[in-house]
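*Asks:* Structure in structure tokens, see below.
The values are calculated or read from the model by the stated rules, or taken from the named source; none is laboratory data. No experiment lies behind these values; they were computed from the predicted model shown. Using ideal geometry, Cβ is built from the backbone for each residue, glycine included, and neighbour counts are taken over all protein chains shown.
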Amino acid sequence: MNTLEQDRVSYNSIQVDNLKIFYREAGPKENPVILLLHGVPTSSRMYQPILESSLSTKYHLIAPDFPGFGHSSWPSTKEFSYTFNHLAQVMQGFVGALKLDHFTFYLHDYGGPVGMRMAVAQPEKAEAIIIQNAVSHEEGLSPLWAARRAFWQDRASHEVAFRKSFLSLETTRNRHLGASPHPERIDPDTWTDEFYFLNQPGQADIQTDLFFDYQNNVKAYPIWQKWLRDHQPPMLVIWGRYDTSFTIAGAEAYHKDVPGAEVHILDAGHFTLDEQAPEVIRLTELFMQKQRLQ
């Protein structure tokens, strides 16, 4: 196989626990692996700039879609328990099916709680961790989370309002724009495509159940923090300063657990790749080189 064919992005699926798990892949299979876990309400598609970058010449890049997202299976909430524990179990099955013995985690948003659970369960697989706007400390949650906590405390009273907000076009758009002073730099296809996805049959139930379970991520923060303190993984934190959900304090908090972590605050929003893909790729490549993971 020539270099061009090895570096080209491929689009694949594999069966895990009777689910079709879709994944994007680039780079030679013999190279060090970076496992890229996505956020909400996006999919592995958010990592296309990385998959198509120079990183694919040095690393084996793998970006799966979680169950209920993208092109993976979407079982109903009656058939599948949409919890972060369950997503992590399926992703452990996914890396097992691909025979991935060790890799660098790249975690964004929902990918954070999924990946941290995987790291705690199988620490021997985690060579390094790259964080992109994914929270593991309470100080990383902005004031917007007050209403979300109310939903966790009394689902019945707040579910209608939660769905109306979470699934709306305005909220979907704001996830990308955040407080960015340059909204013209962000492709509107990102949020219109996600809004279309959110309005597919069954998605409202899936996303509501999953977000209700997010409270268990907050409860697990001390476990993840202890794991980071105990294992001191090489860590790169890349953070968009205009994220309205996750605060800069959430990025800086990783220093408490991993003092040697690299933390870079970029002029971008929650989806840092929307505005700063070249810089994210540059920082990732430098970090991987420092770890001799090439």
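*Asks:* Check every one of the helices (runs of 4 or more DSSP H) wholly within segment 122-225 and list those with 2 or more residues that are aliphatic (A, V, I, L, M).
*Replies:* Result: 145-153, 155-166, 169-177, 203-212.
*Asks:* For SER165, are the conditions met, namely being within 27 Å of TRP74 (Cβ to Cβ) and at pLDDT below 95?
*Replies:* Taking the combined requirement at face value, the residue satisfies it.
*Asks:* Select from segment 112-155 the residues that are surrounded by 14 or more Cβ atoms within 10 Å (Cβ to Cβ) and free of Cβ contacts under 8 Å to residues at least 12 places away in the same chain and list them in ascending order.
*Replies:* ALA150
*Asks:* If you don't mind, another one. When you check LEU228 against the structure, is it among the aliphatic types (A, V, I, L, M), part of a helix (DSSP H, G or I) and farther than 19 Å from VAL40 by Cβ, yes or no?
*Replies:* For LEU228, the condition - among the aliphatic types (A, V, I, L, M), part of a helix (DSSP H, G or I) and farther than 19 Å from VAL40 by Cβ - is met.
*Asks:* Within segment 23-37, work out how many residues are on the phi > 0 side of the Ramachandran plot and assigned to a strand (DSSP E or B).
*Replies:* Number satisfying all stated conditions: 0.
*Asks:* Since ASN2 meets every condition but one in (1) out of contact with any Leu (no Cβ under 8 Å at 6 or more places or on another chain); (2) at pLDDT 95 or above, which condition does it not meet?
*Replies:* Only one criterion in (1) out of contact with any Leu (no Cβ under 8 Å at 6 or more places or on another chain); (2) at pLDDT 95 or above is unmet by ASN2, namely (2).
*Asks:* Here's a follow-up. Just give me the residues in segment 237-261 being within 18 Å of PRO113 (Cβ to Cβ) and charged (D, E, K, R), in sequence order.
*Replies:* ASP243, ASP257
*Asks:* Name the single residue that is surrounded by the most Cβ atoms within 10 Å (Cβ to Cβ) among those in segment 258-294 being in a helix (DSSP H, G or I) and over 20 Å from the mean Cα position of the chain (by Cα).
*Replies:* The extreme case among them is LYS290.
*Asks:* Then there's this: Check off (1) exposed (fewer than 14 other Cβ atoms within 10 Å of the Cβ); (2) without any contact (Cβ under 8 Å) to a residue 60 or more places away in the chain; (3) small (Gly, Ala, Ser) for ALA179 and give me the number that stays unchecked.
*Replies:* Tallying (1) exposed (fewer than 14 other Cβ atoms within 10 Å of the Cβ); (2) without any contact (Cβ under 8 Å) to a residue 60 or more places away in the chain; (3) small (Gly, Ala, Ser), ALA179 fails exactly one: (2).
*Asks:* With under 27 Å from ALA147 (Cβ atoms), more than 16 Å from the chain's Cα centre (by Cα) and modelled with pLDDT of 95 or more as the only criterion, which of PRO234, PRO222, PRO183 stands out?
*Replies:* Exactly one residue qualifies, and that residue is PRO222.
*Asks:* Continuing with the same structure: Would you pick out the residues in segment 88-111 that are out of contact with any Leu (no Cβ under 8 Å at 6 or more places or on another chain) and either surrounded by fewer than 22 Cβ atoms within 10 Å (Cβ to Cβ) or assigned to a helix (DSSP H, G or I) (or both)?
*Replies:* ALA88, GLN89, GLN92, GLY93, PHE94, GLY96, ALA97, LEU98, LYS99, ASP101, HIS102
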